[in-house]
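For reference, the structure discussed in these notes is given below.
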């Protein structure tokens, strides 16, 4: 019964928001359409502004993978994560996720296609996608597009959050599944 209710809520959540936001804006006397067009125009300018940073990040990821550095890092993580019950198949995803959201999504999709979405590997990959972030992407693209040159502790904090997300994914999947 609860699962049925949750499925119904999740199915209707986005359409409900897409309907209620303009209604609420109209009620508050906000020029909804004009605000949308203005926001879309700013979004387009931002998208054009981040293209050089995005291109640089894509080249760096390609070099990282092609050079074999990804394999070295993955091999180095195996002894550390094996005692925690981490399947070796998810280690490349754990390494790629801080670098590239789309690359990590492709890798997670491949893992689910190979092992199934209801397998332990598929579930860990899914939870990792939701609990970790694209730290290097955020630093290069977002920080670069607004001109932040010194990120202080952002890299260390982001990577610690990614490790925490990986460990939490393993723990949650081991407990729940």
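Observations on the structure shown:
- Among residues of segment 35-46 that are free of Cβ contacts under 8 Å to residues at least 60 places away in the same chain, those with a beta-carbon under 9 Å from a residue that is surrounded by 10 or more Cβ atoms within 10 Å (Cβ to Cβ) and part of a helix (DSSP H, G or I) at least six positions away or on a different chain give the pairs 35/25; 36/22.
- Residues of segment 63-76 that turn out to be under 19 Å from residue 137 (Cα atoms), modelled with pLDDT of 80 or more and surrounded by 11 or more Cβ atoms within 10 Å (Cβ to Cβ), as a count: 2
- Scan of segment 25-34 for residues that are touching a helix residue (DSSP H, G or I) at 6+ places or on another chain (Cβ under 7 Å) and either loosely packed, with under 11 Cβ neighbours inside 10 Å or in contact (Cβ under 8 Å) with a residue 24 or more places away in the chain (or both), ordered by number: none
- Scanning segment 61-106 for residues that are under 12 Å from the mean Cα position of the chain (by Cα) and within 21 Å of residue 161 (Cα to Cα) gives 93, 94, 96, 97, 98, 99, 100, 101, 102, 103, 104, 105.
- Condition met for residue 129 (modelled with pLDDT of 85 or more, surrounded by fewer than 21 Cβ atoms within 10 Å (Cβ to Cβ) and closer than 18 Å to residue 164 by Cβ): yes
- Taking each residue of segment 152-177 that is in contact (Cβ under 8 Å) with a residue 24 or more places away in the chain and looking for partners that are assigned to a helix (DSSP H, G or I) and exposed (fewer than 13 other Cβ atoms within 10 Å of the Cβ) with beta-carbon atoms closer than 6 Å, six or more apart or interchain, yields 170/84.
- The lone criterion from (1) in contact with a helix residue (DSSP H, G or I) (Cβ under 9 Å, 6 or more places away or on another chain); (2) in a helix (DSSP H, G or I) left unmet by residue 37 is number (1).
- Condition check for residue 117: touching a helix residue (DSSP H, G or I) at 6+ places or on another chain (Cβ under 8 Å), farther than 30 Å from residue 45 by Cβ and not in a helix (DSSP H, G or I): yes
- When residue 22 is tested against (1) modelled with pLDDT of 90 or more; (2) surrounded by 13 or more Cβ atoms within 10 Å (Cβ to Cβ); (3) under 30 Å from residue 90 (Cα atoms), only condition (3) is not met.
- Applying the set (1) assigned to a helix (DSSP H, G or I); (2) surrounded by 12 or more Cβ atoms within 10 Å (Cβ to Cβ) to residue 86 leaves exactly one unmet item: (1).
- Residue 51 vs. criteria at pLDDT below 85, exposed (fewer than 13 other Cβ atoms within 10 Å of the Cβ) and assigned to a helix (DSSP H, G or I): yes
- If you go through segment 121-136 and pick out every residue that is out of contact with any helix residue (DSSP H, G or I) (no Cβ under 6 Å at 6 or more places or on another chain) and without any contact (Cβ under 8 Å) to a residue 60 or more places away in the chain, you end up with 3.
- Candidate set from segment 151-161 (those that are at pLDDT 80 or above and not in a helix (DSSP H, G or I)); member that is farthest from residue 135 (Cα to Cα): 152
The values are calculated or read from the model by the stated rules, or taken from the named source; none is laboratory data. These figures come from a predicted structure and were not determined experimentally. Because the Cβ atoms are built from the backbone with ideal geometry, glycine has one as well, and the counts that use them run over all protein chains shown.
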